[in-house]
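Note sheet for the following structure.
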Amino acid sequence: MDIKQLADKVDKQLVRTRGVTEKTKDFTILTPEELLATFGTILNIMTGFLLGVAAISLVVGAIGITNTMYTSVIERTKEIGVMKAVGAKNSDIIQLFTIESGLIGLVGGIGGIILGLIAAKTIEFITVNVFATTLLQAATPWYLFVGCLVFSFAIGCISGIIPARQASRIRPVEALRYE
């Protein structure tokens, strides 16, 4: 017998046994498929929420990297003047600060991966040991880690472009006089 047919048969039997009508029915019968669909809906809501948190974190991280790079440019103005005085081109300065900001993003990405992995494994541990189910298992493919690291490096580089361009526009004479 099909599960759906069995659920309908049990529903009719309970309605008759308890003496209720379809309008006054005070129970619900869920099949495993319906339960999984409900669980899937809950997971989709959680995924959307986490996506929103990740997007906000990404914007805050990018602003933090940009701010850090602006500070770095100000603190290293004299060093930039020396580099330009000995022959560094604007593109060299841009490349230096862009790679530096990318490395800051990469370090943030490594930290994010570690925290995410700890959170995922903790949730997996709780579902296995407290709820005695293996429905939630953390997937950790290598390409996901590589993709996250490349993405964090790219966001860092993008966040550092404007400060890097500002650094490249500093005149050597003014930079050497800067205190």
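Only the coordinates and a few stated rules stand behind these numbers; no lab work does. Because the structure is predicted, anything quoted here is derived from the model rather than measured. Cβ sites come from the backbone with ideal geometry, for glycine too, and all protein chains shown count toward neighbours.
Mind checking which residues of region 40-77 are loosely packed, with under 14 Cβ neighbours inside 10 Å and either hydroxyl-bearing (S, T, Y) or over 27 Å from the mean Cα position of the chain (by Cα) (or both)?
T41, T47, S57, T71, I74, E75
If you check I126, I114, I170, which single one turns out to be touching a helix residue (DSSP H, G or I) at 6+ places or on another chain (Cβ under 7 Å) and either among the hydrophobic types (A, V, I, L, M, F, W, C) or touching a residue at least 40 places away in the same chain (Cβ under 8 Å) (or both)?
One residue alone meets the criteria, I170.
Show me the helices (runs of 4 or more DSSP H) found entirely inside region 1-102 where at least 2 residues are within 19 Å of S159 (Cβ to Cβ), β-branched (V, I, T) and in contact with a Ser or Thr (Cβ under 6 Å, 6 or more places away or on another chain).
32-75
How many residues does region 129-167 hold that are farther than 27 Å from G64 by Cα and without any contact (Cβ under 8 Å) to a residue 60 or more places away in the chain?
Here the count works out to 13.
Specify which of the listed residues (V146, V130) is closer than 30 Å to A37 by Cβ and surrounded by fewer than 12 Cβ atoms within 10 Å (Cβ to Cβ).
It is V130.
Would you point out which residue out of T134, T122 is of a type outside the set (G, A, S), more than 18 Å from R169 (Cβ to Cβ) and part of a loop (DSSP other than H, G, I, E, B)?
T134
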